[in-house]
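The values are calculated or read from the model by the stated rules, or taken from the named source; none is laboratory data. This is a predicted model, so every value here is computed, not measured. Glycine also receives a Cβ, built like all others from the backbone with ideal geometry; neighbour counts cover every protein chain displayed.
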Amino acid sequence: FYSVKSYNPAMSYALAICHLGDRILGAPPFLQPFPGSERALTLAEVQEMQKRLTAAGFDTGGTDGRVGNDTMKAIRDFQAKAGLQPADGYGGLKVLAKLRQGG
């Protein structure tokens, strides 16, 4: 997974390529559908999400607008605390809306 991300850091790309490899080897489809119904957050929205997560006590490792491992862990921890399911570390519009409401 991290080798694929070193080629292209987009999470959706890495997931797609690795899942394709898994499927070729006979693994089943995704257990949870990929959150494709939401549009991707803009750079400003990712930075806002990182700022709000940090203010709420979830360390994102900075507010650079890039969703790396620290931001994903912060999102996952926030989702679990806020009761958002699945707590998968995907920072989409639902997570940002919940953060705007004060968590």
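Residue count for the range 58-95, restricted to those that are of a type outside the set (Gly, Ala, Ser), crowded, with 18+ Cβ neighbours inside 10 Å and in contact (Cβ under 8 Å) with a residue 40 or more places away in the chain: 3. Is it the case that GLN47 is free of Cβ contacts under 8 Å to residues at least 24 places away in the same chain, of a type in the set (S, T, N, Q) and within 30 Å of GLY103 (Cα to Cα)? For GLN47, the condition - free of Cβ contacts under 8 Å to residues at least 24 places away in the same chain, of a type in the set (S, T, N, Q) and within 30 Å of GLY103 (Cα to Cα) - is met.
If the requirement is being aliphatic (A, V, I, L, M), loosely packed, with under 10 Cβ neighbours inside 10 Å and assigned by TED's automatic domain parsing to the domain that holds GLY103, which of these qualifies: ALA55, ALA44?
ALA44 is the lone residue from the list that is aliphatic (A, V, I, L, M), loosely packed, with under 10 Cβ neighbours inside 10 Å and assigned by TED's automatic domain parsing to the domain that holds GLY103.
Scanning the range 71-103 for residues that are at pLDDT 95 or above and charged (D, E, K, R), we see that the one that is farthest from LYS5 (Cα to Cα) is ARG100. Considering only residues of the range 1-41 that are basic (Lys, Arg) and surrounded by 12 or more Cβ atoms within 10 Å (Cβ to Cβ), which is farthest from ARG100 (Cα to Cα)? Restricting to residues being basic (Lys, Arg) and surrounded by 12 or more Cβ atoms within 10 Å (Cβ to Cβ), the top hit is ARG23.
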